[in-house]
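The values are calculated or read from the model by the stated rules, or taken from the named source; none is laboratory data. Nothing here was measured: the structure is a model prediction, and the numbers come from that model. All Cβ positions, glycine included, derive from the backbone under ideal geometry; neighbour counts span all protein chains shown.
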Amino acid sequence: MALRFLKASLGAALILGAQAALAQQPAPAGDAELAHRDKTAMCVGCHGIQGYRTAFPEVYHVPKIAGQQPAYLISALKAYKSGDRSHPSMRGIAASLSDQDMTDLAAYYGVPAGTARARGDAESGKAKAAQACAACHGPDGNQPSAPDQPILAGQYADYLAKALHDYKTGKRNHAIMKGFATPLSKEDMEDLAAWFSSQKSRLHDQR
Ligand code: HEC
Ligand code: HEC
C-alpha cells in the first residue's frame with residue numbers, strides 16, 4: 001500500500017518535473033494557488049495525514065510543513081535535491097522539482113494554516129474589530145468575555161468569514177451575533193477574518 005503510493009507519487013513527480021523543465025519561465029514569487037492545484041498531490045499522501053509515520057528506512061513522524069517558514073522549506077527541498085539530506089523518498093521527490101516548483105510549494109505550505117486563505121486585509125480588520133468586536137471577543141480574539149463565547153484568534157479565516165455570513169443571512173441563528181454581523185459588508189467580514197485568524201492562538205488541529 002505504502003509502496004504503491006510511493007511509486008505513484010514518484011511517477012507524478014517525474015511528470016511534474018518534465019512539465020516544469022518545459023515551462024522555463026523564472027518568476028520570482030511563488031504561486032500558492034498553482035501549487036495547490038498542480039503540485040501538492042504528491043505531498044498530501046504523507047504530509048497531509050495527521051500523525052502519519054514513515055516506515056522506511058526508520059519509523060518516525062512525517063514532519064509538519066504547513067505553516068513552516070517558506071525560505072526554510074525551499075532550503076530543505078534543495079538539501080534533499082543536492083544530497084545534503086539523505087531521506088530516499090524526499091530525495092526522489094525533490095530531484096523532480098524545479099526551483100520554481102519549490103518556490104510555489106513554499107508559497108502554499110509556508111503560510112500559517114490559519115491565514116492560508118485569508119483574503120481580507122488584517123490591518124483594517126484590526127481597526128474594525130477594536131470598534132465592534134473587542135468588547136466580547138477581546139481585541140485579538142483571545143479573550144472571550146463569557147464562557148459560551150468562542151476564541152476567534154487563530155481560527156481558519158475562511159471559516160470565520162463563513163460564520164459571519166451565516167449569522168447575517170440567518171443560516172446560523174444567534175440574536176446577538178446577527179446584530180453584529182448584519183451591518184458588515186463582505187469586505188468587512190474578510191478583513192475581520194484575516195485579522196482574527198492571524199492572531200496567536202491556543203486553537204490547534206492536532207488531536
Ligand atoms: C512518501 C512520503 C512523502 C512524500 C510523498 C513527501 N514527503 Fe516530504 N517528507 C517525508 C519524510 C519522511 C520527511 C522527513 C525526512 C527526513 O528525515 O529528512 C519529509 C521531509 C520534508 C521536508 C523537510 C521538513 C523539515 O522540517 O525539515 C519538506 C520541506 C518536505 N518534506 C516537503 C515535501 C513536499 C513539498 C512534498 C511534495 C512535493 C513532499 N514533501 C512529499 C515524507 C514525504
Ligand atoms: C455582545 C458580545 C459580542 C460582540 C460585540 C461580538 N460577538 Fe461574536 N460572538 C458572541 C457570542 C455570544 C458568540 C457565540 C454565538 C453562537 O453560539 O453561535 C459569538 C460568535 C462569533 C463567531 C462564531 C465563531 C465560531 O467559532 O463559530 C464569530 C466568527 C464572531 N462571533 C465574530 C464576531 C465579530 C467579527 C464581531 C465584531 C463585528 C463580533 N463577533 C462581536 C458575542 C459577541
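Values computed for the structure shown
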item	result
Any hit, segment 5-25, residues being assigned to a loop (DSSP other than H, G, I, E, B), out of contact with any strand residue (DSSP E or B) (no Cβ under 7 Å at 6 or more places or on another chain) and either modelled with pLDDT under 50 or within 16 Å of ligand 2 (Cβ to nearest atom) (or both)	yes
Those residues of segment 143-162 which are over 15 Å from Trp195 (Cα atoms) and touching a Pro at 6+ places or on another chain (Cβ under 9 Å), in sequence order	Pro144, Pro150
Hey, His87 modelled with pLDDT under 90 and either in contact with a Phe, Trp or Tyr (Cβ under 9 Å, 6 or more places away or on another chain) or within 24 Å of Ser201 (Cα to Cα) (or both) or not	yes
Within segment 43-66, considering residues that are under 17 Å from Thr103 (Cβ atoms) and either among the hydroxyl-bearing types (Ser, Thr, Tyr) or assigned to a loop (DSSP other than H, G, I, E, B) (or both), the one farthest from ligand 2 (Cβ to nearest atom)	Ile65
Filtered residues of segment 149-163 (kept if near ligand 2 (Cβ under 6 Å from one of its atoms) and surrounded by fewer than 19 Cβ atoms within 10 Å (Cβ to Cβ))	Gln149, Pro150
Within segment 102-118, tally of residues that are of a type outside the set (A, V, I, L, M) and either modelled with pLDDT of 95 or more or not in a helix (DSSP H, G or I) (or both)	3
Tally, over segment 141-173, of residues that are within 20 Å of the chain's Cα centre (by Cα) and not hydroxyl-bearing (Ser, Thr, Tyr)	12
Exclusive hit being surrounded by fewer than 17 Cβ atoms within 10 Å (Cβ to Cβ), near ligand 2 (Cβ under 10 Å from one of its atoms), at pLDDT 90 or above and of a type in the set (D, E, K, R), set Asp166, Asp191	Asp166
Residues satisfying the stated conditions in segment 119-142, i.e. assigned to a loop (DSSP other than H, G, I, E, B) and either under 12 Å from Phe196 (Cβ atoms) or near ligand 2 (Cβ under 10 Å from one of its atoms) (or both)	Gly120, Cys133, Gly138, Pro139, Asp140, Gly141, Asn142
Hits in segment 55-86 - residues which are touching a residue at least 24 places away in the same chain (Cβ under 8 Å), under 18 Å from Ala32 (Cα atoms) and not β-branched (Val, Ile, Thr)	Ala66, Gly67, Gln68, Gln69, Pro70, Ala71, Tyr72, Leu73, Leu77
Filter pass, Tyr80 being outside any loop (DSSP other than H, G, I, E, B) and surrounded by fewer than 17 Cβ atoms within 10 Å (Cβ to Cβ)	no
Single residue of Ser89, Ser98, Ser124 found to be touching a residue at least 40 places away in the same chain (Cβ under 8 Å) and touching a strand residue (DSSP E or B) at 6+ places or on another chain (Cβ under 9 Å)	Ser89
Residue satisfying condition, being more than 8 Å from ligand 2 (Cβ to nearest atom), at pLDDT 95 or above and surrounded by 13 or more Cβ atoms within 10 Å (Cβ to Cβ), within set Lys178, Lys186	Lys178
Near pairs, Cβ below 8 angstrom, 6+ apart or cross-chain, from segment 167-189 (within 17 Å of Ala127 (Cβ to Cβ)) to any residue that is outside any helix (DSSP H, G or I) and near ligand 2 (Cβ under 7 Å from one of its atoms)	Phe180/Cys133
